[in-house]
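One structure is given below, encoded as structure tokens.
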Amino acid sequence: MKISLRSGRRSVAGLPGKLKVVGVVSGELTEAGQELDAAHSGLLSKALKTSRFKGEEGAFLVVAAGDVFLGLLGLGQKRGVSTDRVREAGARVAKKALELGVREVAVENFFAERLGKAEASYALAEGLYLGSYRFDRYKSEARPVRVRYWIAKGRGRAVEEARILAEATAYARDLANKPPNVLYPETLAEEAERLAKEFGFEARVLGPEEIEALGMGAFLAVARGSARPPRLIHLVYRPEAPRRRVALVGKGLCFDTGGYSLKPTEGMRYMKADMSGAAAVLGTFRALAELRPPVEVHGVIAAAENKISGSAYVVDEVVRTMSGKTVEVANTDAEGRLTLADALAYAGREAPDAIVSIATLTGSSVVALGRKVAALFATEDRLAGGLLEAAGAEGEKLWRMPLERSYRKLLKSDVADLKNVGTREGGAIQAALFLTEFVRDPYAHLDIAGPAYQREDWELGPVGASGFGVRTLARWLRSL
Ligand code: BES
Ligand code: MN
Ligand code: ZN
């Protein structure tokens, strides 16, 4: 799919397009809708009157008018207008355009008078891009498609920024959607190097010997069962005069079988996407390189596979982490926190002003928040606030959860400094507490196990990887 987005000066009626879409708000045509209606001798108002379409949010009515399609998109009620609604409307337009097979589409800048032209066209452009995303590179029938969208009376700068973040999100989706026989630690590292070269940032890749020399016993224990060697990926985005230094750490399990604490068949499905945190970090770097905010950013990914073999780690092992702390392995399926323990310690060497980790870490967070909302843990309110604000503006849902100190004792081990699992209850919190043992404040952790992978088509894209976190992290970094 090749998407191009332009903001046009004219209104929908005056722009090119085989599909022209206007909104219906509280059951009535918008101003742009009335204009398009007039240009087509009242076809739209007639359709609105004679059909049962009343403009419920998300409903679509398409009318053929000669050689163009006219689309009425229900935008819901006048009250409660938000950029989230505009973004979702954009994605619905994209879906409809693909359904109809049109290659050029003109869209009203929905709610521009309420949100401002720039804000509205930013959200609309994101929605159009994200809604156009398809992962069809392994479908023999798929043909390359080009679609051009015109945003009526949009703002060019806002549309360009939306393109950067949406393309970075699509890039992260691609990485997490790729099958595990294609994307594994070595190929993920190669891809990181390729991206760094294309976008102009640094990438350093370490192999098993160097990882060993760093003392990353927890990371190596997880990787040990796989025939495929691990990689430690260190990205650096270095602007001219940085105001801050931040480290982003992404969980990079290219496949998670659970190891000897084996997952049941259903639970193992889609564990190719257990590197969604890593994908989000790479996507964020891609966006950073284009947006160039004055923040130095380090990205750290411990890439491995959690598999079973004669050399795989087992429960009861005690591993020594890079930090010096020892960990008793009580469950080989709690592998993410082991790899992150070493990745976080490594990131700490850069003396960052803040560390943020992003990981598909616990089924417990999915139970708590479902598949649309990620859990946020933070040692400081200011850091939490910044991330929540960025997420809110990008329509990515984050909910803060507590780092309840009294649960720390659940991770006490009889033989080592701590163990990698405690009790089932409050599992996401215990996982986050485990991670805090390997960092200094300020630290935030995003558990994206729920939203990283969608089991069905959803508001902003098709079934599969969502690219969650890219837009939040990129926007947050710009706000520093
Ligand atoms: N990768 C999984 C978490 C996960 C679950 C991600 C569902 C996406 C969807 C993680 O490595 C894991 O297995 N966590 C265990 C931890 C448990 C053994 C304490 C879990 O949540 O069951
Ligand atoms: Mn696991
Ligand atoms: Zn995992």
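The values are calculated or read from the model by the stated rules, or taken from the named source; none is laboratory data. Since we're looking at a predicted model, the values are computed, not measured. Positions of Cβ are generated from backbone atoms using ideal geometry, with glycine treated the same way; all protein chains shown enter the neighbour counts.
Computed values, structure above
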item: Some residue of segment 194-216 being within 16 Å of ligand 2 (Cβ to nearest atom), in contact with a helix residue (DSSP H, G or I) (Cβ under 6 Å, 6 or more places away or on another chain) and either within 22 Å of Tyr346 (Cβ to Cβ) or in the same structural domain as Gln454 (by TED's automatic domain parsing) (or both); result: no
item: Thr265, sole failed condition from (1) in contact (Cβ under 8 Å) with a residue 40 or more places away in the chain; (2) within 27 Å of Gly464 (Cα to Cα); (3) away from ligand 3 (no atom under 13 Å from the Cβ); (4) of a type outside the set (D, E, K, R); result: (1)
item: Tyr407 free of Cβ contacts under 8 Å to residues at least 40 places away in the same chain, under 21 Å from Glu380 (Cα atoms) and either out of contact with any His (no Cβ under 9 Å at 6 or more places or on another chain) or away from ligand 1 (no atom under 11 Å from the Cβ) (or both); result: yes
item: Test: Lys325 is modelled with pLDDT of 95 or more and within 13 Å of ligand 2 (Cβ to nearest atom); result: no
item: Residues of segment 51-87 classified as closer than 20 Å to Tyr122 by Cα and buried (at least 23 other Cβ atoms within 10 Å of the Cβ), total; result: 4
item: Of all residues making up segment 413-434, the number that are within 10 Å of ligand 1 (Cβ to nearest atom) and either outside the structural domain of Leu340 (by TED's automatic domain parsing) or in a loop (DSSP other than H, G, I, E, B) (or both); result: 5
item: Breaking point among (1) of a type in the set (Gly, Ala, Ser); (2) away from ligand 3 (no atom under 14 Å from the Cβ); (3) under 26 Å from the mean Cα position of the chain (by Cα), for Ala227; result: (3)
item: Test for Gly395: is it within 30 Å of Arg85 (Cα to Cα), touching a residue at least 24 places away in the same chain (Cβ under 8 Å) and out of contact with any strand residue (DSSP E or B) (no Cβ under 8 Å at 6 or more places or on another chain); result: yes
item: Qualifying residue in segment 258-268 (condition: of a type in the set (A, V, I, L, M, F, W, C) and touching a Cys at 6+ places or on another chain (Cβ under 6 Å)); result: no
item: Those residues of segment 461-475 which are farther than 17 Å from Lys178 by Cβ and of a type in the set (Ser, Thr, Tyr), in sequence order; result: Thr472
item: Residues satisfying the stated conditions in segment 236-262, i.e. free of Cβ contacts under 8 Å to residues at least 60 places away in the same chain, of a type outside the set (A, V, I, L, M, F, W, C) and under 27 Å from Arg440 (Cα atoms); result: Arg238, Pro239, Glu240, Pro242
item: Per-region count, segment 1-57, residues within 12 Å of Leu75 (Cβ to Cβ), in contact with a Leu (Cβ under 8 Å, 6 or more places away or on another chain) and assigned to a helix (DSSP H, G or I); result: 1
item: Subset of segment 332-349 [in a loop (DSSP other than H, G, I, E, B) and either more than 16 Å from Arg224 (Cβ to Cβ) or aliphatic (A, V, I, L, M) (or both)]; result: Ala334, Arg349
item: Residue satisfying all of: in segment 248-299; in a helix (DSSP H, G or I), more than 20 Å from Asp353 (Cα to Cα) and of a type in the set (S, T, N, Q); farthest from ligand 1 (Cβ to nearest atom) among these; result: Thr265
item: Which listed residue is more than 26 Å from Thr332 (Cα to Cα) and not aromatic (Phe, Trp, Tyr), from Asp441, Asp447; result: Asp441
item: Which listed residue is out of contact with any helix residue (DSSP H, G or I) (no Cβ under 9 Å at 6 or more places or on another chain) and either more than 16 Å from ligand 3 (Cβ to nearest atom) or at positive phi (or both), from Ala384, Ala378, Ala354, Ala368; result: Ala384
item: Contacts under 8 angstrom Cβ, first residue in segment 130-141 being assigned by TED's automatic domain parsing to the domain that holds Val470, partner among the small types (Gly, Ala, Ser) and assigned to a loop (DSSP other than H, G, I, E, B), 6 or more apart; result: none
item: Residue list for segment 268-302, filter: more than 16 Å from Ile448 (Cβ to Cβ), among the small types (Gly, Ala, Ser) and within 14 Å of ligand 3 (Cβ to nearest atom); result: Ala302
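Okay, residues lined up against (1) modelled with pLDDT of 95 or more; (2) over 21 Å from Val470 (Cα atoms); (3) surrounded by 24 or more Cβ atoms within 10 Å (Cβ to Cβ):
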| site | (1), (2), (3) |
| --- | --- |
| Ala303 | yes, no, yes |
| Gly310 | yes, yes, no |
| Glu317 | yes, yes, no |
| Leu338 | yes, yes, yes |
| Arg349 | yes, yes, no |
| Asp353 | yes, no, no |
